[in-house]
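Below is one structure, written out as structure tokens; the observations come after it.
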Amino acid sequence: MDPQKPEITNDIGSIRIADEVVATVAGLAAVDVEGVAAMSGGWGTDLVEKLGRKNFGKGIKVEQSDYETKIDIYLIIEYGYPIPSVAETVQKEVKMAVESMTGLKVSAVNVNILGVSIKKADSTFEGTD
């Protein structure tokens, strides 16, 4: 049985926020952190992006229950950045963004590092004549 999604109730009605919305907010916050090279969502989301549709919720799994929201993020880190520091910054930024934009309580942000991105060196060489 799927747990009831949290809802915000007021005198007009109720508001429910889809997991995809939470994932998009979390993804936008995560990619803004210095040292994050990319989100990793597997071959399915990569194929969707190649077909021209950008998926900002790529690489994010959201679990919502009555009183808490748990977020799992899968990242590629840029080479040269301290991984624990980047991951901790991602946790803080995602928690703050999701809570402030949705009103949901985030109980956990689990960061999974799946790889390191190494940029190719600039092949241009300026010699002296």
Near pairs, Cβ below 6 angstrom, 6+ apart or cross-chain, from the range 87-101 (in contact (Cβ under 8 Å) with a residue 40 or more places away in the chain and within 15 Å of Val33 (Cα to Cα)) to any residue that is open to solvent by less than 70 Å² (accessible area, probe 1.4 Å) and hydroxyl-bearing (Ser, Thr, Tyr): none
So for the range 81-100 (the condition being at pLDDT below 95 and touching an Asp or Glu at 6+ places or on another chain (Cβ under 9 Å)), does at least one residue qualify? no
Identify, please: which residue in the range 78-108 is in contact with a helix residue (DSSP H, G or I) (Cβ under 8 Å, 6 or more places away or on another chain) and assigned to a loop (DSSP other than H, G, I, E, B) and is, among those, surrounded by the fewest Cβ atoms within 10 Å (Cβ to Cβ)? Lys105
Which one of the conditions (1) at pLDDT below 95; (2) crowded, with 16+ Cβ neighbours inside 10 Å; (3) farther than 14 Å from Ile113 by Cβ does Ile71 fail to meet, given that it meets all the rest? (1)
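The values are calculated or read from the model by the stated rules, or taken from the named source; none is laboratory data. Treat the numbers as computed from the prediction; the structure is a model and nothing was measured. Please note: Cβ atoms are built from the backbone with ideal geometry, for glycine as well, and neighbour counts cover all protein chains shown. Calculation scope for accessible area: heavy atoms of the full protein, side chains included, ligands and nucleic acids excluded. Shrake-Rupley method; radii C 1.70, N 1.55, O 1.52, S 1.80 Å.
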